[in-house]
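Single-structure report; data block below.
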Ligand code: NAD
């Protein structure tokens, strides 16, 4: 008999990250509720999760029985239903503080009295979030990586007011999910985003300056430094709008080195958001990503 804490998980935001986080939680055996702006949007996230499980079955990485048991643990519902009695609420909504505060405040009304409030934010202050929620001791960052079912790291972010007990519970949750955690002090961009966006932004500036073509800049880091994926392709995978939001925040908080490149702004204005819109620094089709110079 295991003494692991049996969580009821609410994931708020069923986009790129949210549906993958829900998959990881359900796969670990937890009852998982997925919400978005409305129930059809949550159901669309659940449909993506179902496709992702089907691909794993096709590749023989998951049995058909495990896939259907995982799917059966996930319900697409509205945010209030998702949070009712939840023991951990993980928000994966867009990178805007006001939105995250609103969502988690509302979640706190129906959640379990001991619930952990977790944000998948890439850069925003966990300390501010916890303070504004009125539950600083139970608020923390659970920063998953893209795609959550594949990526091993879980960056746990400890706000100034986060309690030792919450960090212990989060470490146990990470273990139950099969993730390798790191615990990082709340500081803009934490450990991962701060380093990651630096390389990404510099690669975009190099493209602006004509230093090299998309494929060559990416190959430089893939072959020269053994990065599994070049910085431009990775930016496409993350979402150029998401990267821009992180850079804008870090620019405000940490200064000039994080000023977003003009080209990044232009691409976001043009709706070239990367993989999720089918076009960024690459064109993304079923045949795979093809460099698309700008
Ligand atoms: P996304 O745009 O793909 O998804 C966000 C989802 O939130 C959308 O489905 C949207 O409809 C939904 N949403 C908007 N308003 C909402 C509301 N009021 N209530 C519920 N849902 C709402 O974004 P994403 O890439 O999944 O990013 C989500 C968070 O995860 C951000 O904080 C981002 O910084 C962080 N993050 C992203 C990545 C990445 O690689 N994309 C990696 C790590 C962390």
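Descriptive notes on the structure:
- In plain terms, the chain from residue 150 to residue 5 could stretch by 49.9 nm, reckoned as 0.36 nm per residue minus the Cα-Cα distance.
- Averaging the Cα positions of each part gives two centres, and for the range 61-114 and the range 248-294 these lie 28 Å apart.
- Here is how the number arises for the chain: DSSP H runs of 4 or more residues each give -39500 (n - 2.57), the sum is divided by the residue count, and the result at 222 nm is -14500 deg cm²/dmol.
- Angle in degrees between helix 97-110 and the longest Cα principal axis of the chain, rounded to the nearest 10: 10 degrees
- Packing-based ranking of 108-115, 56-63 yields 108-115, 56-63, ordered from highest to lowest mean Cβ neighbour count within 10 Å.
- Anisotropy class of the range 161-265 from Cα gyration tensor, a/c 1.5 cut: oblate
- Result for the chain in a Gaussian network model with C-alpha springs under 10 Å: among 43, 270, 26, the largest mean-square fluctuation is at 270.
- Per-selection Kirkwood Rh - the range 8-185 (Cα, Å, 1 d.p.): 15.8 Å
- Listing 243, 75 from fewest to most neighbouring C-beta atoms within 10 Å gives 75, 243.
- Computed from Cα atoms, the angle from the helix 240-254 axis to the main principal axis of the chain rounds to 90 degrees.
- Cα centroids of the range 219-239 and the range 5-28: 27 Å apart.
- For the chain, built as a Gaussian network whose Cα springs stay under 10 Å, the top-fluctuating residue of 202, 256, 155: 256
- Here the peptides 162-169, 206-213, 135-142 are ranked by packing, the mean other Cβ count within 10 Å, and the order with the highest first is 135-142, 162-169, 206-213.
- Mean Cα-pair separation over length for the chain, i.e. relative contact order, pairs under 8 Å, 6 or more apart, %: 13 percent
- The chain: angle of helix 164-177 to the longest principal axis, Cα-based, in degrees nearest 10: 70 degrees
Computed from the coordinates by the stated procedures, all read-outs in this text should not be read as laboratory data. Fair warning: this is a prediction, and the values are worked out from it, not measured in the lab. A quick note on method: Cβ atoms are made from the backbone with ideal geometry, for glycine too, and the neighbour counts reach across all protein chains shown.
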